[in-house]
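Notes follow once the structure below has been shown.
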Protein chains: 2
Amino acid sequence: MRWCRFQVKDKVAYGIVEGERVREVRGSPFGRHYRTSKTHRLAAVKLLVPCWPTGFYAAGGPNYEDHITWVNSHFNRNFKRPTAPHVGYRANNALIAQGEPIVYPKNAKDLHYEGELVVVVGKKLKRASEAEALAGVLGYTIGNDVSERVWQFGDDTWWRAKNSDTFKPMGPWIETDLEVDKAVTTVRLNGKVATGFRTGEFIFRVGQYLSAMSHHLTLFPGDVLWMGTAGATLPPIKAGDTVEIEIAGIGVLRNPVIAEK
Amino acid sequence: MRWCRFQVKDKVAYGIVEGERVREVRGSPFGRHYRTSKTHRLAAVKLLVPCWPTGFYAAGGPNYEDHITWVNSHFNRNFKRPTAPHVGYRANNALIAQGEPIVYPKNAKDLHYEGELVVVVGKKLKRASEAEALAGVLGYTIGNDVSERVWQFGDDTWWRAKNSDTFKPMGPWIETDLEVDKAVTTVRLNGKVATGFRTGEFIFRVGQYLSAMSHHLTLFPGDVLWMGTAGATLPPIKAGDTVEIEIAGIGVLRNPVIAEK
């Protein structure tokens, strides 16, 4: 099933994508809800960020072997394979939806896409086993963890490298039935394939992350965890580009890049 | 003026502290509101976390000179004076209110208090000057940036060191008229003074932080920025302790410490 959040005129609602139409839902996937008899053409609604997280988490370092190899070689760094699923933070100010523009900051120099699987938590989780954690997942969406590499490696923290306004496209919707182990992530720049990888080849899997996190913190419905990216993130993106992240089984997250005014 | 958020029976509301009483307010300090004629005894209400931030920011490294000196000496680290106001993240899962217990995790070994000034943003800020940023501050509250030092220096990120459940006491209320340069922070453990410092002796001041942040991200009403702590954070806290952070001009944030069950 595909949950979206959408706007038509002044109305904002959750919906279920049924082919080329969206069925309007009262309530949300995180609480009581029921399907209404009202549907809209998918092409006629504005898709919104599919949920507004209370906890916006990310793999707190590289989570694919070949991303470590590439970062260390390309940026002359010394990242090591993480020994446990530690956690990073992203921020809601940076979220944008399907189709909304990534703004290339005036003082940015080296902006990269990062195609990522996003886990959407559906139930409150505290001290959960891996199996309990996976049973508490509502579904999966797609994230583009846009990163300014000069700031990433030059600043004391990753705040503006990762969380400048518009740097976190997320969408287009939440797919509840994805088989992560069979999924493939493909990134296209201006229609041309830039990179691709098997989505499930993580260093730490979804269940390992959520279970480990839940032993120290409470996960809440609507919290999200971005699972990291693989390989290289080249060529850099520039104003005028369109970035598409496709995860087969979910869909395509598509955002244009524009220059800051 | 002192804004609090409180609960009486099933009712949750914002209020204005007037001596020993709380005047109930409809709405919030971040939007339309009006004072009602209803008041409660301050001692009879449960104070809540004074705002639930969308953006939960902190000084992304030491923000007082003598904290750098102490950390480097006590933990044999090599922190340098930051060259710009970079930003760290804290998380809402960890927030607790006045009087609520800090839970000492079973596998924690070296838990420290950090008494901090907390800036509460009152207006949307984007590309603000220092003066504009300061004019957009609603007021100030108190934070205890509880930190597990073994995790802080051993993990890849500070997630569980800083953001384990209950590690972020914040309150008791928001004071709109604090003169930061004249304020003094005092930390007491079980009634005995453990440390104290002039609150305003930051490396980067409130206006510098907010202005710099707002050039990359949008600050929203209710966002908070924790300004860092000074000096040493000893002795470590343990189950059974009570920690009080006082900032003269705001009040006292008081939390007991209990063992995880």
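Brief remarks follow.
- Failed item in (1) more than 14 Å from chain B (Cβ to nearest Cβ); (2) under 30 Å from residue A:215 (Cβ atoms), with residue A:157 passing the rest: (1)
- Among all residues of region B:172-188, there is none that is assigned to a strand (DSSP E or B), acidic (Asp, Glu), in contact with a strand residue (DSSP E or B) (Cβ under 6 Å, 6 or more places away or on another chain) and at the interface with another protein chain (Cβ under 10 Å from one of its Cβ atoms).
- Residues of region A:93-123 that are under 20 Å from residue A:29 (Cα atoms), within 14 Å of another protein chain (Cβ to nearest Cβ) and open to solvent by less than 10 Å² (accessible area, probe 1.4 Å): A:121 alone.
- Selection from region A:238-261 of residues that are buried (at least 24 other Cβ atoms within 10 Å of the Cβ) and among the hydrophobic types (A, V, I, L, M, F, W, C): A:245, A:247, A:250, A:253
- For residue A:25: the one exception among (1) modelled with pLDDT of 95 or more; (2) assigned by TED's automatic domain parsing to the domain that holds residue A:228; (3) among the β-branched types (Val, Ile, Thr): (2)
- One residue stands out in region A:187-225 among those that are among the polar types (S, T, N, Q) and open to solvent by 30 Å² or more (accessible area, probe 1.4 Å): the one that is farthest from residue A:168 (Cα to Cα), namely A:208.
- Scanning region A:64-94 for residues that are touching a residue at least 12 places away in the same chain (Cβ under 8 Å) and in a helix (DSSP H, G or I) returns A:65, A:66, A:67, A:68, A:70, A:74, A:92, A:93, A:94.
- Reported count of residues in region A:124-156, each being free of Cβ contacts under 8 Å to residues at least 12 places away in the same chain and open to solvent by less than 30 Å² (accessible area, probe 1.4 Å), is 2.
- Considering region A:207-251, the residues that are of a type in the set (A, V, I, L, M) and closer than 14 Å to residue A:190 by Cβ include one that is modelled with the lowest pLDDT, namely A:234.
- Set A:87, A:22, A:49, A:103: member being farther than 24 Å from residue A:225 by Cα, in contact with a strand residue (DSSP E or B) (Cβ under 8 Å, 6 or more places away or on another chain) and hydrophobic (A, V, I, L, M, F, W, C): A:22
- Residue A:260 vs. criteria over 21 Å from residue A:57 (Cβ atoms), of a type in the set (Asp, Glu) and in contact (Cβ under 8 Å) with a residue 60 or more places away in the chain: yes
- Residue that is nearest to residue A:124 (Cα to Cα) [pool: residues in region A:11-29 that are open to solvent by 60 Å² or more (accessible area, probe 1.4 Å) and either part of a loop (DSSP other than H, G, I, E, B) or of a type in the set (A, V, I, L, M) (or both)]: A:12
- Single unsatisfied condition, residue A:222 versus (1) within 14 Å of chain B (Cβ to nearest Cβ); (2) over 16 Å from the mean Cα position of the chain (by Cα); (3) not charged (D, E, K, R): (2)
- If the condition is being more than 14 Å from every other protein chain (Cβ to nearest Cβ) and either β-branched (Val, Ile, Thr) or more than 22 Å from residue B:71 (Cα to Cα) (or both), then region B:141-154 contributes B:141, B:142.
- In region B:64-88, residue nearest to residue B:211 (Cα to Cα) [restricted to those that are within 14 Å of chain A (Cβ to nearest Cβ) and open to solvent by 40 Å² or more (accessible area, probe 1.4 Å)]: B:83
- For residue A:137: the one exception among (1) of a type in the set (Val, Ile, Thr); (2) more than 14 Å from every other protein chain (Cβ to nearest Cβ); (3) in contact with a Pro (Cβ under 9 Å, 6 or more places away or on another chain): (3)
- If you go through region B:31-63 and keep only what is over 18 Å from the mean Cα position of the chain (by Cα) and either aliphatic (A, V, I, L, M) or not in a strand (DSSP E or B) (or both), you end up with B:31, B:32, B:42, B:43, B:44, B:45.
- Being crowded, with 21+ Cβ neighbours inside 10 Å, within 19 Å of residue B:82 (Cα to Cα) and more than 14 Å from every other protein chain (Cβ to nearest Cβ) is true of residue B:229.
The values are calculated or read from the model by the stated rules, or taken from the named source; none is laboratory data. Everything numeric here is computed off the predicted structure, so don't read it as measured data. Glycine gets a Cβ as well: all are built from the backbone with ideal geometry, and neighbour counts include every protein chain shown. Just the protein is used for accessible areas: all its heavy atoms, side chains included, with ligands, DNA and RNA removed. Shrake-Rupley method; radii C 1.70, N 1.55, O 1.52, S 1.80 Å.
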